[in-house]
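Below is one structure, written out as structure tokens; comments come after it.
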Amino acid sequence: MKLNHQTFECILKSERSIYFDTFPTFIFRSVIGKELRKISCLFKNRNCSECSLKNTCAYSFIFETPVDKENRLLHGRNRAPHPFTLYSPVSANETTDTIALNITMFGKSIEYFPYLYFSLKQAGEKGIFRDRVRLSVDSLLCGDSSILLEEEKIDTSVPPRVWRIEGSEDRQVKKINIKLLSPLRLKYSGKYGTDFTCFDFLNAVERRARLLCGFFGEDQQDRNKPVFSTGNKQITERDLIWHDYRYYSSRQKSRLKMGGTVGSFSLEGEFSSGELSLLKGAELFQVGKNSVFGFGKISIYEED
């Protein structure tokens, strides 16, 4: 498996302190999508699924992500996972005038980042929330480098980074500590919850990687041969709770509820270097449902 990626860190300053009663990424996903559609769409009253430009339009590719129903990865479905994630260390119920927003783009979507940047900038100038609190982009980083050349110009020459699964089949006993930096919305046995097993989590990690690499990168791994073995692995420590968050959906014009697991847990067992490589990749592409809302961000620490 192989996937080009690029993470852009936007530091936003607000004209006054903002109290976030929900995750900031809920709000930024909404306002970026709204402004991006205005910038990109040539046919304002046409449904994206019926538009002849749906495979080249920045908005459609990033926020609708259409695919042929005969695709080999999600046969019968006409949408792929979105080729980006959002994350902010600012959480719900925080007050701040400085917001760090990380936008990670995968594959071809990296080329469209300038559209997202100008959508975010335009949304900030108009203001967010009912009282239209205005935001400005204070800095824009890609890795350790500033790419904000001027207010209306960014450096697009930074080459993408490459993630690939690497390593051998040799196994070592490891303890893997996993901290949920944002809520994990993991579906298993037809439900969402906190009592998932080790293999529920590992299967979600592998499924996410295969879908992103299959649609936006390369995946030559045998799909009938899982990366994670079914050997001696288990969750040995678990400090997890479920928390619900409310957000406003402009599409449905109502407040909705979305929940996820917060806390930390540990995995113990025999891991190959290839399996560890895939787990580390999950720090990049996030795990579970609704990563474009900022969910599923994790950090991993290994113990021998």
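So the values come out like this:
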| quantity | calculated |
| --- | --- |
| Length gained when the stretch ARG164-SER299 is fully extended (0.36 nm per residue, less Cα-Cα span) | 46.8 nm |
| Out-of-range pairs (alpha-carbon distance over 19 Å; input LYS13/LYS121; LYS44/LYS153; LYS34/LYS153) | LYS44/LYS153; LYS34/LYS153 |
| Over the chain: helical MRE at 222 nm, DSSP H runs n ≥ 4 each giving -39500 (n - 2.57), nearest 500 | -7000 deg cm²/dmol |
| Extension gain (nm, one decimal) between LEU149 and ARG207, 0.36 nm per residue minus Cα-Cα | 17.1 nm |
| Whole-number percent relative contact order across the stretch 111-184, with pairs defined as alpha carbons under 8 Å at least 6 apart | 15 percent |
| Longest exposed-site-free window of the chain, the sites being chymotrypsin sites (Phe, Trp or Tyr not before Pro) in a DSSP loop that have at most 16 other C-beta atoms within 10 Å | 130-304 |
| Shape of the chain, Cα gyration tensor, a/c cut at 1.5 | prolate |
| Positive-end residue, the stretch 218-296 charge dipole about Cα centroid, Cβ charges, pick of GLY263, SER291, GLY281 | SER291 |
| Point-charge dipole on Cβ atoms (K/R +1, D/E -1) for the chain, about Cα centre, debye to 20 | 1560 debye |
| Potential lengthening between SER273 and GLU50 on full extension [0.36 nm per residue; Cα-Cα distance subtracted] | 75.8 nm |
| FRET efficiency, GLU218 to LYS253 (Cβ-Cβ, R0 35 Å, nearest 0.05) | 0.30 |
| Note, ³J(HN,Hα) from phi for the stretch 93-110, Karplus 6.51, -1.76, 1.60, rounded to Hz, x at Gly and Pro | 6, 10, 10, 7, 10, 10, 10, 8, 10, 9, 10, 9, 10, 10, x, 4, 4, 4 |
| Shape category assigned to the stretch 32-102 from the gyration tensor of Cα positions, a/c cut at 1.5 | oblate |
| Residue among CYS51, CYS198, CYS213 with the largest mean-square fluctuation in a Gaussian network model of the chain, springs linking Cα atoms under 10 Å | CYS51 |
| Two-site label geometry, GLU94 and ARG130: point separation in nm, points 7 Å out along Cα→Cβ | 2.5 nm |
| Three-way shape call for the stretch 124-205 based on the alpha-carbon gyration tensor, with the a/c threshold at 1.5 | oblate |
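Since every read-out is calculated from the coordinates, none of them should be taken as a lab result. These numbers were taken from a predicted model, which means no experiment stands behind them. Positions of Cβ are backbone-derived with ideal geometry, glycine not excepted, and every protein chain shown enters the neighbour counts.
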